[in-house]
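Asks: Mind looking over this structure? Questions follow.
The values are calculated or read from the model by the stated rules, or taken from the named source; none is laboratory data. The shown structure was predicted, so the numbers you read here are calculated from the model rather than taken from an experiment. FYI the Cβ positions are ideal-geometry reconstructions off the backbone, even for glycines, and counts take in every protein chain you see. Ligands, DNA and RNA are stripped out before the accessible areas are found, and what is left, the full protein with its side chains, is counted by its heavy atoms. Shrake-Rupley method; radii C 1.70, N 1.55, O 1.52, S 1.80 Å.
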Amino acid sequence: MYAGMSTAHRQTLSFTVQTPEDRAVAAARRAEATAKLMDETGITEELIDQLVERFYARIQNDTLLGPIFASVIKDWGPHLAQMKLFWSSVALSTGVYQGRPMPKHLKLPIDARHFDHWLALFEETAHEICTPLQVEHFLIRARRIAQSLELGVANANGAMLDNGQRYLRPTDVWQPE
């Protein structure tokens, strides 16, 4: 027994092993959820492909975000493929994206201004090719993603944000000579 803990408070770890049947049931549930989302929103993999291609073309040409992306992405093909998987998982619950986006963003020189601009470009792109319902579906998720990444970047830079507080990187202040 742990010091200071009664047996009623002691927690144990339990593990379960997924059987092939369990995995088949889970896959069927996911496919059903994906089909329902597609029916309800009209979002398809083809629409996600178009959105990702158009949005990242805009990002590459953007004066604020383009240089940041260019500093870490040398070959856009694999990045776009990953972003299509990411948005398929986010928008349609397909589960096809297996990456970890947070660590990739933590070292970037970004803050609330960059996330706000990213969201504005994403919203502008979505409005060009999506129905209002699809735009809302994508934007709800995009806002959550931006908020989560901003909190992670802030924390990685030693800033603990209060509810509603935004992260702004320190900037050099001009000093007269």
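Asks: Return the residue satisfying two criteria in turn: it lies in region 148-169 and is of a type in the set (S, T, N, Q) and out of contact with any helix residue (DSSP H, G or I) (no Cβ under 8 Å at 6 or more places or on another chain), and of such residues it is surrounded by the fewest Cβ atoms within 10 Å (Cβ to Cβ).
Replies: Taking region 148-169 as the starting set, the residues that turn out to be of a type in the set (S, T, N, Q) are 148, 155, 157, 163, 165.
Then drop every residue that is not out of contact with any helix residue (DSSP H, G or I) (no Cβ under 8 Å at 6 or more places or on another chain), which leaves 155, 157, 163, 165.
Numbers: Asn155: 14, Asn157: 15, Asn163: 4, Gln165: 12.
Filtering region 148-169 for residues that are of a type in the set (S, T, N, Q) and out of contact with any helix residue (DSSP H, G or I) (no Cβ under 8 Å at 6 or more places or on another chain), the one surrounded by the fewest Cβ atoms within 10 Å (Cβ to Cβ) comes out as Asn163.
Asks: Among the numbered criteria (1) assigned to a helix (DSSP H, G or I); (2) in contact (Cβ under 8 Å) with a residue 24 or more places away in the chain, which single criterion is violated by Leu64?
Replies: It is condition (1) that Leu64 fails.
Asks: Taking region 20-62 only, how many residues are of a type in the set (Val, Ile, Thr), at pLDDT 95 or above and farther than 17 Å from Ile129 by Cα? Before the answer, list the steps.
Replies: Residues of region 20-62 that are of a type in the set (Val, Ile, Thr), as a first pass: 25, 34, 41, 43-44, 48, 52, 59.
Retained after the next criterion (residues that are at pLDDT 95 or above): 34, 41, 43-44, 48, 52, 59.
Of the ones still in play, those that are also farther than 17 Å from Ile129 by Cα are 34.
Result for region 20-62: 1.
Asks: Return only the number of the condition from (1) more than 30 Å from Val135 (Cβ to Cβ); (2) surrounded by 14 or more Cβ atoms within 10 Å (Cβ to Cβ) that Val17 does not satisfy.
Replies: For Val17, the failing item is (2).
Asks: Here's something else I'd like to know. Quick check on region 94-112. Is at least one of its residues of a type in the set (Ser, Thr, Tyr) and over 13 Å from the mean Cα position of the chain (by Cα)? Can you show your working first?
Replies: Filtering region 94-112 down to residues of a type in the set (Ser, Thr, Tyr) leaves 94, 97.
Checking the rest, the ones that are also over 13 Å from the mean Cα position of the chain (by Cα) come to 94.
Looking for residues that are of a type in the set (Ser, Thr, Tyr) and over 13 Å from the mean Cα position of the chain (by Cα), one finds at least one in region 94-112, hence yes.
Asks: Could you give me the residue pairs with C-beta distances under 6 Å whose first residue belongs to region 119-145 and is closer than 12 Å to Ile43 by Cβ, whose second residue is among the basic types (Lys, Arg) wherever it lies, and which are 6+ apart or on separate chains?
Replies: Pairs that qualify, where the first residue is closer than 12 Å to Ile43 by Cβ and the partner is among the basic types (Lys, Arg): there are none.
Asks: Suppose we filter Ala35, Ala91 for residues that are more than 14 Å from Phe138 (Cα to Cα), open to solvent by less than 70 Å² (accessible area, probe 1.4 Å) and out of contact with any Cys (no Cβ under 9 Å at 6 or more places or on another chain); which single one remains?
Replies: Numbers: Ala91 fails: more than 14 Å from Phe138 (Cα to Cα).
The match here is Ala35.
Asks: Looking at region 24-40, I want the residues that are within 12 Å of Thr94 (Cα to Cα) and have a partner that is part of a helix (DSSP H, G or I) with Cβ atoms under 6 Å, at least 6 apart or on another chain. Which pairs are those?
Replies: From residues that are within 12 Å of Thr94 (Cα to Cα), the pairs are Thr34/Leu92; Leu37/Leu92.
Asks: Here's a follow-up. Do the conditions hold for Val25, that is, is it in a helix (DSSP H, G or I), open to solvent by 50 Å² or more (accessible area, probe 1.4 Å) and of a type in the set (A, V, I, L, M)?
Replies: yes
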